[in-house]
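> I'd like to ask some things about the structure below.
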Amino acid sequence: MGVEVTTKNLTKSFGSQNIWSDVSLTLPAGEVSVLLGPSGTGKSVFLKSLIGLLRPEEGQIIIDGTDILTCSSSELYEIRKMFGVLFQDGALFGSMNLYDNTAFPLREHTKKKESEIRQITMEKLEMVGLVGAEDKLPGEISGGMRKRAGLARALVLDPKIMLVDEPDSGLDPVRTTYTSQLLMDINAQIDCTTLIVTHNINIARTVPDNMGMLFLKHLVMFGPREVLLTSEEPVVKQFLTGSMIGPIGMSEEKDQAQMAAEAERVAGGHSDGGVDVPDEIAPQMQPTPGMPVRQGVARRKARVREMLPSLPAKAQTAILRDLEGEPAADAAYAAAGSPEAPTVVLGQGAEYQGQAQGEVPAGYEVRQPLSQDDNPTDHLPKVEDR
Ligand SMILES: Nc1ncnc2c1ncn2[C@@H]1O[C@H](COP(=O)(O)OP(=O)(O)OP(=O)(O)O)[C@@H](O)[C@H]1O
Ligand SMILES: [Mg+2]
């Protein structure tokens, strides 16, 4: 089973450049979470922090009960063995064929015999559909195949936590969906806690159990997918429709004058470039038939049911529709009063987190949250000074 990953009040800067502050969230064990955010908001930095490659200067990162920011190097070294990581650029060795790339962590970090390595490597290559291409070099294959090879390599040590940075970059929409299916199937097979970092709206709408968004150096929200997919929060809404209208501009934040000018243009008939999104939440992708049932789903049901009263009305309706069917959801929706102005009260652990910088959206009440032989990541960039 995957392990829970929690960050508390995490802050990361490079010199005088603050990347994000006060990031608190929990990736529930075995569930799939997506972290969204415009380009440059520090999604990759967050992912690298979780695995201990970058070192936030404040806060905690608790993995399976251990804070990796204060633990000893040997403890960190043990914890890093739990991770499988697919980096944004795939990070394959250009001079090694796909078989050797995939087998690399096993050869480097375990004492397994070559026959056992072969069996595991071929099994993972089969999982990602690359059997037959194992002799090819990364330069001889397509971007999608490189992604899948990176995924196979991330899987060979049976990770408890999978971190996936931009699984869609360089892929067409169909291959992106196939990759999402693969991630779902992997989650079903090994019950790994999964974090996917992306700015792909389709992935956000169809893949995760939970979703969060980084913007303006803060975590705007983190919670069950239904919360973000039904959110009235301007920045979340804008991101999920891809519209130009909203707080996100070309260089992250816009000023009032630009927002007013754009709103005027759209009022005059100029397209905002976004796509209309139906009120109904798209169905979540399932594992391919024949795969094991995702164990995280059952655990999540109990979890979201417990937090239901603290969620906005629209999110409650969407969750109930999934858990109990249409009539229960409609009754809850009617009973919730004005769904446009929900009052959100945070429970323990801040599952739903308010807008950054004190800008709480109208109607929301937000409380602030409480020997190296075995290292599977040795071939990755080195950890910042500890
Ligand atoms: N090692 C580093 N040293 C200094 N600055 C860095 C380092 N890594 C990232 N940054 C800076 O941190 C910021 C966030 O970068 P990051 O790569 O995390 O963004 P991102 O959200 O993943 O963007 P994208 O969606 O384009 O991948 C950027 O301004 C980047 O220049
Ligand atoms: Mg990135």
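Every number in this text was worked out from the coordinates using simple rules, so none of it is lab data. All values derive from a computational prediction rather than experimental measurement. Cβ sites come from the backbone with ideal geometry, for glycine too, and all protein chains shown count toward neighbours.
> What's the FRET efficiency of residue 131 with residue 169 using the Cβ-Cβ distance as r and R₀ = 25 Å, to the nearest 0.05? Working shown, then result.
On the way: r = 24 Å, r/R0 = 0.97.
Between residue 131 and residue 169 the formula returns 0.55.
> Continuing with the same structure: Using the number of other C-beta atoms within 10 angstrom as an exposure proxy, rank 192, 71 with the fewest first.
Details: 192 29, 71 18.
Going from least to most buried by this count: 71, 192.
> Separate question: Given the peptides 29-35, 258-264, arrange them by the average over their residues of other C-beta atoms within 10 Å, most packed first.
Numbers: 29-35: 25.6, 258-264: 13.4.
Descending mean neighbour count gives 29-35, 258-264.
> For residue 88, which sequence-distant residues (separation of 5 or more, or a different chain) have an amide H within less than 5 Å of its own amide H, given hydrogens modelled in the peptide plane?
Amide H to amide H, under 5 Å and 5 or more residues apart or across chains, residue 88 pairs with 165.
> Going by amide H atoms built from the backbone, whose H comes under 5 Å of the H on residue 141, apart from near neighbours?
Amide H neighbours of residue 141, under 5 Å, 5+ apart: none.
> Give me the tail of P(r) for the stretch 129-215 as a percent: Cα-Cα pairs with distance above 21 Å.
Of the Cα pairs, 31 percent sit more than 21 Å apart.
> Which of 215, 174, 156 sits farthest toward the positive end of the charge dipole of the stretch 140-266, with +1 on the Cβ of Lys and Arg and -1 on the Cβ of Asp and Glu?
Result: 156, furthest along the dipole toward the positive end.
> What ³J(HN,Hα) values, in whole Hz, does the Karplus curve 6.51 cos²θ - 1.76 cosθ + 1.60 give for the stretch 107-112 when θ = phi - 60°, with x put for Gly and Pro?
Values, residue by residue: 5, 6, 10, 10, 10, 5 Hz.
> When ranked by the protection proxy of mean other Cβ atoms within 10 Å per residue, highest first, what sequence do the peptides 54-62, 129-137, 213-221, 102-110 form?
Working: 54-62: 17.1, 129-137: 14.6, 213-221: 23.1, 102-110: 20.6.
Output ranking for 54-62, 129-137, 213-221, 102-110: 213-221, 102-110, 54-62, 129-137.
> Something else: Once every Cα of the stretch 228-305 carries one equal point scatterer and solvent is ignored, give the base-10 log of I(q)/I(0) from the Debye formula at q = 0.12, 0.14, 0.20, 0.22 Å⁻¹, two decimals.
Summing over Cα pairs of the stretch 228-305 leads to -0.54, -0.65, -0.94, -1.05.
> Can you list residues whose amide H is under 5 Å from residue 10's amide H, if they're 5+ apart or on another chain and H is modeled 1.01 Å from N?
22, 23, 24, 60
> Fewest to most neighbouring Cβ within 10 Å: what's the order for 8, 160? Display every interim value, and only then the final one.
Working: 8 19, 160 22.
In order of increasing Cβ crowding within 10 Å: 8, 160.
> Using only alpha-carbon positions, what ratio does the radius of gyration of the stretch 29-173 give when scaled by 2.2 N^0.38 Å? Before the final figure, lay out the partial values.
Values: Rg = 16.1 Å, N = 145, 2.2 N^0.38 = 14.6 Å.
This ratio for the stretch 29-173 stands at 1.10.
> Provide the gained length on full extension for the span residue 261 to residue 158, in nm with one decimal, where the gain is 0.36 nm per separating residue minus the Cα-Cα distance.
Numbers: separation 103, 0.36 × 103 = 37.08 nm, distance 5.22 nm.
Using 0.36 nm per residue and subtracting the Cα-Cα distance, I get 31.9 nm.
> Same structure, new question: Mind putting a number on the dipole of the stretch 75-117 about its Cα centre? Charges go on the C-beta only, +1 for Lys and Arg and -1 for Asp and Glu, and I need it in Debye to the nearest 20. Can you show the working numbers first?
Working: 6 positive and 7 negative charges, 29 e Å.
For the stretch 75-117, the charge dipole is close to 140 debye.
> Taking every pair of Cα atoms in the stretch 16-85, average 1/r, invert it to obtain the Kirkwood radius, and report Rg/Rh to two decimals. It would help to have the intermediate numbers written out before the result.
Numbers: Rg = 12.5 Å, Rh = 13.3 Å.
A ratio of 0.94.
> Taking just the C-alpha trace of the stretch 71-146, give me its Rg and Dmax in Å.
Looking at the stretch 71-146, its Cα Rg and Dmax stand at 13.9, 43 Å.
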